[in-house]
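Right, one structure below, let's go through it.
What follows draws every value from the coordinates through simple rules; no lab data is involved. Since the model is a prediction, treat every value here as computed from it, not as a measurement. Here the Cβ positions follow ideal geometry from the backbone for every residue, glycine too, while neighbour counts run over all protein chains shown.
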Amino acid sequence: MTALSASKKNPQFDDPSPIVKGLNLPVKASTKIFAGGLIGVDSSGNAHPATTTAGGTVRVMGVSQEEVDNSAGAAGAKRVAVRRGAFSFKNSTAGDAIAAADVGAIVYAVDDNTVAKTDGGAGARKAAGACLGLDDDGNVIVEVGVHLG
């Protein structure tokens with residue numbers, strides 16, 4: 001590949017593109033998802049609330065747009081609408097809290113409502129997205145769905 005040596009048109013993908021912003025993912029067996037939560041996928045591609053538990057999140061995909069109860073269902077019996085974009089989440093605590101100096105850095109999912117500064121050691125937490133800032137209440141605004149690993 002060659003770096004640019006002149007300007008080029010590079011259109012931004014935005015809301016009109018359902019492929020970029022909206023996903024419809026199969027839900028993991030025996031799982032309840034709440035609207036507004038960070039959604040991860042497991043190694044089979046099934047959606048579930050982002051988690052650090054073993055066998056859980058392989059990558060964070062976006063934020064649930066609806067509540068889906070697949071508590072009594074098999075994997076894929078129900079689907080969940082997931083959206084990518086900028087969303088607000090609770091900040092972690094103590095040494096893992098995100099500060100203004102972390103704007104632009106990758107932040108990590110602690111659970112479906114909390115993000116932290118680090119991966120928790122040995123990659124226990126998966127990248128949730130890029131920190132865009134903090135609101136007046138200390139919540140972290142994250143560009144979610146940016147695939148970082």
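Structure values in brief
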read-out: Relative contact order computed over the range 18-83 (Cα-Cα under 8 Å; 6+ residues apart), in percent; value: 43 percent
read-out: Contour excess over end-to-end distance, with Cα ends at A124 and A86 and 0.36 nm allotted per residue; value: 11.4 nm
read-out: FRET efficiency, 1/(1 + (r/R0)^6) with R0 25 Å, evaluated for A101 and F34 via beta carbons; value: 0.20
read-out: Relative contact order (%) - the range 85-144, alpha-carbon pairs under 8 angstrom, separation at least six; value: 41 percent
read-out: For M61, distant residues with modelled amide H under 5 Å away; value: I39, G40, V41
read-out: Cβ-based net charge around V27, under 10 Å, with every Lys or Arg adding one and every Asp or Glu removing one; value: +3
read-out: Point-to-point label distance, Q65-D135, nm (Cα→Cβ direction, 7 Å offset); value: 2.0 nm
read-out: Neighbourhood net charge (11 Å Cβ-Cβ; Lys/Arg +1, Asp/Glu -1) for G45; value: +1
